[in-house]
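See below for the structure under consideration.
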Amino acid sequence: MGLIENPKTYTGRDLETIFFRPMLTGQSAVDLGIRVLYNMPTPTTIQLWSPCDDILQQYESGWNGANTANRQQKTIEFCRVKAELGYSAADYFSQVYEAITNRADVNLDDLTGTELEQAETEMFRAAIAESLRVSMWIGDTNADEFNLFDGFITKIKKYNSSTYVNLTNLDVDMESSIVIFKRMWEQAPALLKAMKGEGNLAFLVTTDLYDAYEQYLDTHGSDAAYNDLTTGRRELSYHGIKIIDIGVSHHLPTDSLSGPICVLTDRRNLVLAVNTADYPGSEVRMWYNPDEMQNRQRAIFMVGCEILDESLVAMGMF
């Protein structure tokens, strides 16, 4: 067996349950460090409700509770996109076959169509997930690449109400890393600071700042620091606030971003939305083209990202 020729098409319910939902829900979504919405009705409108701070009143007859909650509404604009990949038949078979044989429970004497389908699906799904992840951070409609929609960093730079923290006199190194996080926290909006107890604040940073802070922690001579140095750390935090490497440094600089990046916000404030239910023609298709001797993959869907409340964002300006 040296070719994979059986066509595979996912539409409707199969498109959701087999292909997209596994990468956009559960731990896969949590690992992105943001809020992920999948197949919400379009147009996708998010309601932000917050109670008034002062709702206690003098006890007397009558009703005065009409304005005890504030609502902010944001609509996520979707972009229709497609993802396409093409492999030579030999390369494609090698990649899929390797993915199958790396499993401990595989029976090499009986490679069924289901096992081939799972390996093909996972390979394409991983490529789409990575492209979505990078686009949602550094996407810019005015750039030469990753230009289908504006990502979070591009949107933050366009919002005049965002809090910009001056870090221009600081280099990203071991000694300065702690100063960067300290200054970001000190100059963050007061309302954002007040949300710390809810446990969803995060510093979203590029790899250089993440590594510099980890090196800073390594210099502290304690048993815990030694254990972290030898075994590594599952995650970093500053005063209880998680530090998340957004993993885009290998794409920088771009037309509009030079790096480094440091953003402090509530992770629920950043939303990635993907829809495969309300767009006619949404599908994932994998087939073999005998004329070109090429295996091809295509996905058609809608995607968009949005910052729900730009006043709850602090961004460092290096």
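Read the figures in this text as sums done on the coordinates, not as results from a lab. Just so you know, these numbers come straight off a predicted model, no measurement behind them.
In percent, rounded to a whole number, the relative contact order of the chain is 30, using alpha-carbon pairs under 8 Å and six or more apart.
If you run the Gaussian network model on the chain, springs between alpha carbon atoms under 10 Å, then out of 55, 138, 34 the most flexible one is 55. Each residue of the range 142-151 is assigned a 3J(HN,Hα), and the resulting list reads 9, 8, 7, 9, 6, 10, 7, 8, 6, x Hz, derived from the Karplus form 6.51 cos²θ - 1.76 cosθ + 1.60 (θ = phi - 60°), x at Gly and Pro.
For a test of the definition: using alpha carbon positions, the gyration tensor, and the 1.5 limit on a/c, classify the range 278-318 as rounded, prolate or oblate. Oblate is the answer for the range 278-318, as a/c is 1.5 or above yet b/c matches or exceeds a/b. For the range 121-127, putting each phi into the Karplus relation 6.51 cos²θ - 1.76 cosθ + 1.60 with θ = phi - 60° gives couplings of 4, 5, 5, 6, 5, 5, 5 Hz, in residue order, rounded to whole numbers and with x for Gly and Pro. Under a Gaussian network description of the chain, with springs only between Cα atoms under 10 Å, the residue in 140, 266, 173 that fluctuates furthest is 173.
Straight-line cross-link partners of residue 158 among the lysines, defined as a Cα under 19 Å from its Cα and at least 8 positions apart when in the same chain: 74. The alpha-carbon of residue 8 sits under 26 angstrom from the alpha-carbons of these lysines, leaving out residues fewer than 8 places away in its chain: 82. Residues in the range 271-277 carry Karplus couplings, in order, of 10, 10, 10, 10, 9, 10, 9 Hz; the curve used is 6.51 cos²θ - 1.76 cosθ + 1.60 with θ = phi - 60°, and Gly or Pro positions show x. Between 0 and 90 degrees, the angle of helix 174-186 with respect to the longest Cα principal axis of the chain falls at about 60 degrees.
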